[in-house]
Structures are given as structure tokens and as C-alpha cells.
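First comes the structure, then the notes that go with it.
The values are calculated or read from the model by the stated rules, or taken from the named source; none is laboratory data. Keep in mind it's a predicted model, so treat the numbers as computed, not measured. Here Cβ is always computed from backbone atoms with ideal geometry, including for glycine, and neighbour counts include all displayed protein chains. Protein only, heavy atoms only, side chains kept; ligands, DNA and RNA dropped before computing areas. Shrake-Rupley method; radii C 1.70, N 1.55, O 1.52, S 1.80 Å.
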Amino acid sequence: MEFYLSHLEEYVKNMYLKFGFTEPHQIDMTRIAASLNIWIHYEHVNSMMIKHDGMYSIILNSSLSRKKQWEDFAHELCHVLKHAGNQLNMNQMFRELQEFQANQFMYHFCVPTFMLLKLDFPQLRCHAVKMIADLFHVTDEFASKRIELFEKRQIGMEFHKAWTDSLQIAAEDRALTAMMKMNSHAIKESHDALTPLPKALNSFLPLKDKQHIC
């Protein structure tokens, strides 16, 4: 089955291609930040994004592991690229929406789908989690969640294909039934045209159309 990328997956792919990243080992947080003119700072605070005088900075919690810092960087990067406004002044539902979007972006940015599609996954899930965690430098928990999202996409695409195929088959069946009805009607009309007139109707024909036997 052909796998088509979602809008988010295509967006991430295009970003990585602009950076020149096509393989997991090429992904470099520092190079990404430099390419986007984003400053990275490490402090003993929760990771966050700030904007000052038109310049963006991402502050990462210095007490976290490198893997967790990379995950936080991707989350905050979504706020830089796609969101505006101060969350402290936002409606709660809008703030929750932004956080949901940032989390979705984080999973797809840290482990891009177009790179996942190149991999041969081991049969055991625990081995697959370990492989993703090592290749993309993310935590095991993160890798497990990313595989779950990838599997859901595949299941959704398979369901969509099965559904569209069933609609196509149903449409073809209806077209065939309609054609058979039309052919049956045409055959009936042809048969009726060849059937002799009843004697009762023959008496109404003009005299010149009747045959006379002498």
C-alpha cells in the first residue's frame, strides 16, 4: 500500500530537506537552530520559548538529559514556527490547542515519517522501540509513543483504502445493473417490433395495405 504524507509530515520533510538532512544520524539540533536564527540557552527552569526584539530564543532545562532536551526543543520550535501570542493571556481552550499541536509537531519533528518509511522494523515491538530511540536520540517512552502514532496512521490509511474500494465496487455494481436493465429493455422493444399484429388490429389497416386473395 502506498503511504502518503499528511500536511504536517510533508511540512517536516520539506524542512529537513532544506537543512540537508535525509538520514537520522544527520539531525543536529544546533544546526537547526542556527538555520532558523534561534538562540538556545540552558537554564535551571522549565523549557520555554521567548521572543525579544523580534529574535527568538528557546530556553532548555539544563537538568534534563540530552534526549529530553531534544524533545523539548522540538515542542518549543512549534511555538516559534506556528503560534503567536502570550499563553499566559490566552483562553484555556486555545492554550490547550496550542499545546496539543506542539506535541504532535514534536513527535513528527524528532522522528520524521519520511525517515521511518525507509526503515526495516524488527518483529518485536520492544526491539523496534529500542531501534527508534537509538537512531533518533529520543527516550524509550517517546519512541514507543511515536511508533503508536505511526501504526495508527497506517491503520487509518488501510481503513480509508478499504472504504474507498468498497465504494468503487458498489458504484461499478450499480452501473452494471443499470446497463443490464437497459439492455433487457432494448431487447424487449426489439422483440415487440418483430411480433405480428393481432388479427383484430389487422382489420383496421387501410384497404391498400391488406392482401387480397382471388
Name the residue, out of Glu43, Glu76, Glu96, that is without any contact (Cβ under 8 Å) to a residue 40 or more places away in the chain, at negative phi and open to solvent by less than 50 Å² (accessible area, probe 1.4 Å).
Glu76
If I filter segment 119-157 down to residues being open to solvent by 80 Å² or more (accessible area, probe 1.4 Å) and under 17 Å from the mean Cα position of the chain (by Cα), which single residue comes out as modelled with the highest pLDDT?
Lys152
Looking at (1) closer than 30 Å to Leu119 by Cα; (2) assigned to a helix (DSSP H, G or I), which is the one condition that is false for Arg95?
(1)
Of those in segment 52-65 that are open to solvent by 40 Å² or more (accessible area, probe 1.4 Å) and over 32 Å from the mean Cα position of the chain (by Cα), the residue farthest from Lys82 (Cα to Cα) is Ser63
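It is to be established whether one or more residues within segment 1-9 are open to solvent by 50 Å² or more (accessible area, probe 1.4 Å), within 26 Å of the chain's Cα centre (by Cα), over 20 Å from Phe142 (Cβ atoms) and hydroxyl-bearing (Ser, Thr, Tyr).
First pass over segment 1-9, keeping only residues open to solvent by 50 Å² or more (accessible area, probe 1.4 Å): 1-2, 4, 7.
Filter once more, so that each one left must be within 26 Å of the chain's Cα centre (by Cα): 1-2, 4, 7.
Then keep just the ones that are over 20 Å from Phe142 (Cβ atoms); that gives 1-2, 4, 7.
Filter again for hydroxyl-bearing (Ser, Thr, Tyr), leaving 4.
Within segment 1-9, one or more residues are open to solvent by 50 Å² or more (accessible area, probe 1.4 Å), within 26 Å of the chain's Cα centre (by Cα), over 20 Å from Phe142 (Cβ atoms) and hydroxyl-bearing (Ser, Thr, Tyr).
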Are there any pairs, at least 6 apart or on different chains, whose C-beta atoms fall under 8 Å, with the first in segment 120-139 and in a helix (DSSP H, G or I) and the second open to solvent by 50 Å² or more (accessible area, probe 1.4 Å) and not small (Gly, Ala, Ser), and if so, which?
Ala128/Phe121; Val129/Asp140; Lys130/Asp140; Met131/Phe121; Ala133/Lys67; Ala133/Asp140; Leu135/His25
Given the condition closer than 25 Å to Leu64 by Cα and assigned to a loop (DSSP other than H, G, I, E, B), answer yes or no: does some residue in segment 2-11 qualify?
no
Across segment 10-40, which residue is most open to solvent (accessible area, probe 1.4 Å) among those that are of a type outside the set (A, V, I, L, M, F, W, C) and closer than 18 Å to His83 by Cα?
Asn37
